[in-house]
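One structure is given here, and the rest of the page talks about it.
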Amino acid sequence: MECIFCKIANKEIFSEIIAEDEAFVVFKDIKPKAPVHLLFIPKTHLGPVNTLRLKDTELVGRLILKAKEVAQSSGISEDGYRLIFNIGRDAGMEVEHLHLHLLAGKPLKLVN
Ligand code: 5GP
Ligand code: ZN
């Protein structure tokens, strides 16, 4: 399996994992774009948002709720945070394994 995020989920590649459950892994982005920059991934391989199907609805919904949970438990919820899915070239998407970015820790500009 060539997918780097599958390797992170399987612990074949080191990452700074900050939370994990049966379905998801949460780890620090290697090139943080904000003081807090986390990535939320399903352990099973799913493609980016433009490849999702109706059958993926529950997993994707739970992925978003996982981000909410981690934001609350790590104390960033009150100041606020941003959740991002990048899709395709113009969004700068690099990794083809579904991942949700969480950015926080300072007032965020809407980037371009
Ligand atoms: P994308 O641009 O595809 O939405 O986001 C991919 C993100 O994964 C980027 O922010 C990038 O810094 C991060 N990333 C890529 N490879 C690795 C890695 O091996 N380890 C970690 N922790 N983050 C990675
Ligand atoms: Zn994968």
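The values are calculated or read from the model by the stated rules, or taken from the named source; none is laboratory data. Remember, predicted model here, so these are calculated numbers, not experimental data. Please note: Cβ atoms are built from the backbone with ideal geometry, for glycine as well, and neighbour counts cover all protein chains shown. Heavy atoms of the whole protein, side chains included, go into the accessibility calculation; ligands, DNA and RNA do not. Shrake-Rupley method; radii C 1.70, N 1.55, O 1.52, S 1.80 Å.
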| query | With respect to the numbered conditions (1) open to solvent by 70 Å² or more (accessible area, probe 1.4 Å); (2) out of contact with any Gly (no Cβ under 9 Å at 6 or more places or on another chain); (3) over 20 Å from ILE8 (Cα atoms), which one is the sole condition not fulfilled by TYR81? | reply | (2)
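In region 29-56, which residue that is open to solvent by 80 Å² or more (accessible area, probe 1.4 Å) and in a helix (DSSP H, G or I) is nearest to ligand 1 (Cβ to nearest atom)?
Taking the candidates together, the pick is ASN50.
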| remark: When ALA71 is run through (1) under 19 Å from GLU20 (Cβ atoms); (2) out of contact with any Leu (no Cβ under 7 Å at 6 or more places or on another chain), the failure sits at (2)
| said: Anything in region 62-97 that is out of contact with any Phe, Trp or Tyr (no Cβ under 8 Å at 6 or more places or on another chain), in a loop (DSSP other than H, G, I, E, B) and within 14 Å of ligand 1 (Cβ to nearest atom)? List them, or say none. | reply: PHE85, ASN86, ILE87, GLY88, GLY92, MET93, GLU94, GLU96
| Any residue at all in region 71-88 that is in contact with a Pro (Cβ under 8 Å, 6 or more places away or on another chain), within 29 Å of LYS109 (Cβ to Cβ) and either at pLDDT below 95 or β-branched (Val, Ile, Thr) (or both)? | yes
| field | Failed condition for GLU2, given (1) modelled with pLDDT under 95; (2) touching a Cys at 6+ places or on another chain (Cβ under 8 Å) | value | (2)
| task | Give region 3-22 a look and list any residue that's within 16 Å of ligand 2 (Cβ to nearest atom), surrounded by fewer than 14 Cβ atoms within 10 Å (Cβ to Cβ) and part of a loop (DSSP other than H, G, I, E, B), or say none. | result | ASN10, LYS11, GLU12, ILE13
